[in-house]
Amino acid sequence: MITILLLPINAFAEKVVFVSLDNLPPKVYQEDGQLKGIYIDVIREVCKRLNIEPEFQLYPWKRCVRMVQNGKADAIFPPFFTEERGEFLYFPSEPMSFTRNVIFALKTRNIKVKNFDELKGLIVGVNSEYSYGSEFDSYKNNLNLEYCGDEETQIKKLAVESPKRMDVAIASEEPFKFLSKQLGFSDKFEVIYVLSEKPSYVAFSKATGEKSKLLSEKFSTILSNLREEGIVQQIEDNYLK
C-alpha cells in the first residue's frame with residue numbers, strides 16, 4: 001500500500017491511509033461535510049513536509065484495528081500503547097498528544113485542589129457515563145457528586161455562579177475545552193488538578209514491514225519539529241481557545 005517508501009520519502013507524493021473513529025472531537029470530527037480536528041490538521045502538516053498525501057478513512061474502532069492488523073490501512077489514530085498493540089503497530093517515539101482527565105473550576109472561584117480529600121465539601125460534577133480511572137472511581141463515594149448525562153450539561157452547570165450548581169467538574173481535558181469554546185465559555189474555566197495523563201499516538205501498521213517502520217520514524221521526527229516550532233500548539237489553540 002505504501003511501496004513508495006522504498007524510494008526516498010520525498011521523491012514524490014503518495015497516498016498513505018490513516019484510519020480513525022468517525023467522531024472524536026476535537027481530535028477528529030466532521031462539520032458541514034468537512035473533516036476537521038487537531039489530529040487531522042497535525043497529520044496534514046506532517047505529511048506535507050514528508051511529501052505524502054494523507055487519506056483519512058473513518059470507521060468504528062474495531063474495524064480500524066483490523067485494517068492496520070491486515071495491512072489494509074497504513075496508520076491508526078489515536079491509540080494508547082499496549083504490549084498487545086505493539087505486536088502489530090509501530091509506535092513513534094513522539095506521541096501526538098496526552099489524554100488527560102482533569103478537574104475544572106471557574107477562574108473567579110480561585111479553588112485550589114492538591115488531592116482527592118480536598119474535594120470533600122465541594123459539589124463535584126461528573127459524567128455518569130464515564131470512568132476517570134480506578135483511583136478516582138474507588139474514592140468518589142466519599143464525595144458530593146453531581147451526575148450529568150453529558151459534558152454540555154457539566155459545562156453549563158459549572159458556568160453558573162449563582163445559584164451555585166457545581167463547584168468543580170471532572171472531565172477529559174480536550175473535549176471539555178473544545179465544547180466550552182463552542183458554548184462561549186472558553187475564558188471562564190481553568191484546570192486546577194490533573195487526575196491522569198496518558199500519551200496517545202499515530203501508530204503504523206507492521207503488516208507492511210520496514211516501510212511502515214521508516215515512516216513511523218520520519219513521522220516522529222517531523223512531529224517533534226512541528227512541536228518545537230510551536231505549530232502543534234497553534235493548531236491546538238485554534239480548537240481549544
Legend entry - Glu236 being of a type in the set (Asp, Glu) and farther than 15 Å from Ile43 by Cβ: no
Legend entry - From the options Lys198, Lys218, residue that is outside any loop (DSSP other than H, G, I, E, B), within 30 Å of Gly71 (Cα to Cα), touching a Ser or Thr at 6+ places or on another chain (Cβ under 8 Å) and among the charged types (D, E, K, R): Lys198
Legend entry - Qualifying residues in the range 51-98 (those that are part of a strand (DSSP E or B) and free of Cβ contacts under 8 Å to residues at least 60 places away in the same chain) - the one farthest from the chain's Cα centre (by Cα): Glu53
Legend entry - Leading residue by the ranking (nearest to Asn238 (Cα to Cα)) among those in the range 30-50 that are free of Cβ contacts under 8 Å to residues at least 60 places away in the same chain and crowded, with 18+ Cβ neighbours inside 10 Å: Ile40
Inset, instruction - List the number of the failed condition for Gln30; all other conditions in (1) assigned to a loop (DSSP other than H, G, I, E, B); (2) modelled with pLDDT under 95 hold. - result: (1)
Legend entry - Considering residues of the range 125-180 that are among the small types (Gly, Ala, Ser) and in contact with a Lys or Arg (Cβ under 8 Å, 6 or more places away or on another chain) only, the residue farthest from Glu236 (Cα to Cα): Gly125
Inset, instruction - Among the residues of the range 158-187, write down those that are closer than 18 Å to Val124 by Cα and either free of Cβ contacts under 8 Å to residues at least 24 places away in the same chain or among the aromatic types (Phe, Trp, Tyr) (or both). - result: Val160, Ser162, Pro163, Phe176
Legend entry - Residue list for the range 99-138, restricted to those being over 16 Å from Val191 (Cβ atoms), in a loop (DSSP other than H, G, I, E, B) and more than 21 Å from the chain's Cα centre (by Cα): Lys120, Gly121
Inset, instruction - Provide a single number: the residues in the range 157-195 that are touching a Leu at 6+ places or on another chain (Cβ under 7 Å), charged (D, E, K, R) and either closer than 26 Å to Pro95 by Cα or not in a loop (DSSP other than H, G, I, E, B) (or both). - result: 3
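The values are calculated or read from the model by the stated rules, or taken from the named source; none is laboratory data. Since the structure is predicted, the reported quantities are computational estimates derived from the model, not experimental observations. Neighbour counts are summed over all protein chains in view; Cβ atoms, including those assigned to glycine, are modelled from backbone coordinates with ideal geometry.
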